[in-house]
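**Student:** Have a look at the structure that comes next, please.
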Amino acid sequence: MSPTKIVVIGAGATGSFITHDLASRGFDVTVIEKGNIIGGTSGKFHGMLHSGARYAMNDVAAAKESITDNKVISDIAPFCIENTGGLFVALDSSDMAFQDRFEKGCAAAGIATEMVEPTRILKEEPFLSKDVKVAYRVPDKTINSFRFITSLLLTAKRESAKVYLNSQVINFIKDGTEVRGVKIKNNNGETKEINADLVINASGAWTSKLLNEKLGINSIDMILSAGTMAVINRRFTKSILNRLREPSDGDIIVPFFNDSIVGTTSFIIDDPDHFDIDKEDINFLHKSGSEMIPALADYPVYRYYAGVRPLIAAGDEKDSRKISRDFRIIDHSENDDINGIISIVGGKLSTSRLMARDIGDFITKKLGSGKSSSTDKIKLYWPDITKENIDEMSKSLSISKDILLEIINESSGKTYSDIYSGVIDFLYSRRLFS
Ligand SMILES: Cc1cc2nc3c(=O)[nH]c(=O)nc-3n(C[C@H](O)[C@H](O)[C@H](O)COP(=O)(O)OP(=O)(O)OC[C@H]3O[C@@H](n4cnc5c(N)ncnc54)[C@H](O)[C@@H]3O)c2cc1C
């Protein structure tokens, strides 16, 4: 019997991990991405592989999931992680009031913390504000989402998945209330139909728009919460800094290569393709970042960007910070009487492996076929390029040394897509992606 055909819409962190999970279970999977690698929110996030400490005070379940995947992803994809460590810092007496809740939450979630005295932490992190009252070390790390997603797609290709980039799902193939596949259109205007036994909608912030416009489904009440990040072209700390308080705006600084990324904000938008970034938000982030690192005030914000969180509306809650960052699997045969399509909404990049495992379990149960997930053990494929082997890699991959150097240095002053456009061209040219 030929394997069940599954189409995944969207190759962000969620769709790419689902593609790998399903392909490794033996399904015949095709993933369709309208943009390029990291074209969606997965390319416009804060860069953290969460330890879960940020969620420990309010959502122990989310904190537990984060620390689980933090360990697994570090093990299967070490080439995209920098083990910066994280610090939660209290700067005033109101921050100190959270100490007890923070310690208890982390302990309940199984997140290792270490309290560090101000004199010691200021020796390690001399740019940190001298007002620091106490700091806690946590296992936060940074993650390079381009490497992460590219390696997921390359691994899935090796498991015989098909990957279409720059190809948009423009409609569904339907037979009454049955979805039987998708119609896609690539950047050259060429169209194609792909039949499937099941379609997984992992299109992130675009989920409800796609369902509404093409299938008339409007049962998913999504709130699109955009968040802005301000980037300073200088790295001040070894560790990720978090303010020890209730999660709020402007309370995290992530050292990413040579940059410091201050974030984030939260404002509701209507359309993920068209929204403005408020200059006031940039000034606010610059100012609140300077509270943790005073020297940051002397450097300009040289770049800013915003990503969109697709959150599921919860009753009358209007404060998007208080809406759960959990994810939901929606089987439209149960909710909307449309068979053959399942959506997955919400979550975090840091827990994309668990999300993929859960939807994979849901699908194998529904279809009554497929193996169990083993993605916690499969090392992701990434061509290991170092300064030592660069000549040899350049020859064997037939890719210019300059582009490989960019990958090694991942120099600041450029956006992800500037750095990686050559790599993406290369992946096409080698027919690694369609
Ligand atoms: C401001 C901000 C900061 C964040 N920081 C962190 C962090 O530090 N750590 C963390 O773990 N998480 C963080 N998150 C959450 C994390 O970024 C997201 O949960 C994650 O990136 C979502 O991945 P996704 O694949 O669901 O969505 P996306 O990455 O948006 O992927 C969806 C994809 O679907 C594609 N698509 C849409 N429509 C179609 C169509 N019709 N046909 C084909 N393709 C289509 C889009 O182009 C897109 O690439 C942050 C989120 C925001 C907004």
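**Student:** Just subtract the alpha-carbon distance of Lys183 and Leu122 from 0.36 nm times their residue separation and send over the number in nm, one decimal.
**Tutor:** So the extension gain works out to 16.2 nm.
**Student:** So for each of 164-177, 263-276 I average, over its residues, the number of other beta carbons within 10 Å; can you give me the resulting order with the highest mean first?
**Tutor:** Highest-to-lowest ranking by the protection proxy: 164-177, 263-276.
**Student:** Amide H neighbours of Ile170 under 5 Å, counting only residues 5+ apart in sequence or on other chains, H built in-plane at 1.01 Å?
**Tutor:** Lys183, Ile184, Lys185
**Student:** On a 18 Å Cα-Cα criterion, which of the cross-link pairs Lys44/Lys71; Lys162/Lys365; Lys5/Lys183; Lys44/Lys183; Lys34/Lys185; Lys123/Lys238 come out too long?
**Tutor:** In this structure, Lys44/Lys71; Lys162/Lys365; Lys44/Lys183 lie more than 18 Å apart at Cα.
**Student:** For Lys130, go through the aspartates and glutamates and keep the ones whose alpha-carbon is under 18 Å away, minus same-chain ones fewer than eight residues off.
**Tutor:** By straight Cα distance, Lys130 reaches Asp92, Asp95, Glu117, Asp251, Glu291, Asp298.
**Student:** So what's the back-of-envelope 222 nm ellipticity for the chain, counting only DSSP H runs of four-plus at -39500 (n - 2.57) apiece and dividing by all residues, rounded to 500?
**Tutor:** -9500 deg cm²/dmol
**Student:** So who's got an amide H within less than 5 Å of the one on Arg234, skipping anything under 5 residues away but keeping other chains? H placed 1.01 Å off N, in plane.
**Tutor:** So Arg234 has HN proximity to Ser260.
**Student:** Something else: Let me spell out the model: positive unit charges on the Cβ of Lys and Arg, negative unit charges on the Cβ of Asp and Glu, origin at the Cα centre of the chain. What dipole size does that give, in debye rounded to 20?
**Tutor:** So the magnitude is around 1000 debye.
**Student:** Which residues make up the longest stretch of the chain that has no GluC sites (Glu not before Pro) in a DSSP loop with at most 13 other Cβ atoms within 10 Å?
**Tutor:** Counting at most 13 other Cβ atoms within 10 Å as exposed, the longest clean stretch of the chain is 1-189.
**Student:** Hey, how many Å between the Cα centroid of region 227-277 and the Cα centroid of region 6-35?
**Tutor:** A separation of 29 Å, based on Cα centres.
Rule-based calculations on the coordinates, nothing more; no lab input. The structure presented is a predicted model; accordingly, all values stated were derived computationally and were not measured. Virtual Cβ from ideal backbone geometry, glycine too; neighbours counted across all protein chains shown.
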